[in-house]
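Enquirer: My structure is below; once you've seen it, I'll send some questions.
The values are calculated or read from the model by the stated rules, or taken from the named source; none is laboratory data. Only a predicted model underlies this, so the values are computations on that prediction, with no experimental measurement involved. Virtual Cβ from ideal backbone geometry, glycine too; neighbours counted across all protein chains shown. Areas reflect the complete protein model, heavy atoms only, side chains present, ligands, DNA and RNA absent. Shrake-Rupley method; radii C 1.70, N 1.55, O 1.52, S 1.80 Å.
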Amino acid sequence: MQKNHRHLGILAHSAEGAALSFQTFCREGFARLGPHAHPDVTLDLIPLSRSMPYWESGDYHAVRAILRESAERLAAAGADFFICPDNTAHLAFELDGDPYPIPGLHIAEVVADEAAARGHRKVGILGTRFTMEGPVYPRALAARGIEAAAPDPADRTTVDTIIFDELVNGVFTDTARTAYQHVIEHLADQGCDAVALVCTEIPLLITPETSPLPTLDSTRLQARAALDVATGARALPTWYGGPVAPAPSPIATERT
């Protein structure tokens, strides 16, 4: 690792999304730094099976404690900062609790910054039911003057069922793609000018070419931002878990 490069820790929560995040980080490194070159990266993954009972029961503090185990192992491995390519996990990260041992690059902040930079005004949220019904993305987007829209209840059930029955298990079918396209069309009917793919596996199913709306790919956006941090093109994050209340960006201020 070059002296000015920082060591990235990927705090994984589901296998397929974590693999895409890792692959994107390394491939972006090749493109920017040269053949086979990327900053040091360590990936830690505690089986999702440990967390799912707590997600289902609503005990997000227990999930936060499990995720902290990964953060501690990443810190022990020498990571300077972490990313978690799991959007739903940020519901647990944002709870009050002991600071994590290394700072993290918050995925919703990255996606919201990109939405603002592109000039979007209303963004559809596509993810697990926890994410679609939770506060993380409405808060991050609203801080930049952008409205968030969730699918209707029936569409949320469709999206969530496909995630947990298929996508996290590496199953990607044309039937699921068509179902998601219909959901995105319904978001367009609500006035959305973009859709945020905020379950890390969704970009493996829905691509910019197959989406009825412009996409915000949370997995790849976060991985590229992490490379910026690791190479010194972006400041080291200062968030150590806990509530987030960022000031609106200059772009959002100009539009409001």
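Enquirer: Indicate the gyration tensor shape class of region 1-139 (rounded, prolate or oblate), computed on the Cα atoms with a ≥ b ≥ c the square roots of the eigenvalues: a/c under 1.5 is rounded; otherwise a/b larger than b/c is prolate and the rest oblate.
Expert: Details: a/c = 1.89, a/b = 1.22, b/c = 1.55.
Oblate.
Enquirer: Right, something else. Within 10 Å, count the other beta carbons around each residue, average over each peptide in 209-218, 152-161, and list them highest first.
Expert: On the way: 209-218: 19.3, 152-161: 16.1.
Those peptides, ordered most packed to least, come out 209-218, 152-161.
Enquirer: Within the accessible area of the chain, what % is carbon and sulfur when the probe is 1.4 Å and the other protein chains stay in place? Write out the running numbers ahead of the final one.
Expert: Working: 5540 of 10560 Å².
Ligands and nucleic acids excluded, carbon and sulfur reach 52 percent.
Enquirer: Let me ask another. Would you indicate which of [x] 17.3, 51; [y] 17.9, 56; [z] 21.2, 69 is the value of Rg and Dmax of the Cα atoms in Å derived from the coordinates of this structure?
Expert: [x]
Enquirer: Calculate for the chain the 222 nm mean residue ellipticity that helices alone would give, adding -39,500 (n - 2.57) per DSSP H run of length 4 or more and normalising by residue count, nearest 500 deg cm²/dmol. Show your work: numbers first, answer last.
Expert: Working: 11 runs with 123 residues, N = 256.
Calculated at 222 nm, the ellipticity per residue is -14500 deg cm²/dmol.
Enquirer: Okay, moving on. Of the DSSP beta bridges with both residues in the chain, give the percent that are antiparallel, rounding to the nearest 5.
Expert: Details: 1 of 20 bridges.
Roughly 5 percent of the DSSP beta bridges within the chain come out antiparallel.
Enquirer: Per residue, how large is the accessible surface of the chain? Use a 1.4 angstrom probe and give square angstrom. Write out the running numbers ahead of the final one.
Expert: Details: 10560 Å² over 256 residues.
With all protein chains present, the chain gives 41 Å² per residue.
Enquirer: Highest first, please rank the peptides 133-144, 81-92, 8-19 by the mean number of other Cβ atoms sitting within 10 Å of their residues. Can you show the working numbers first?
Expert: Working: 133-144: 20.4, 81-92: 26.7, 8-19: 23.8.
Packing proxy ranking, top to bottom: 81-92, 8-19, 133-144.
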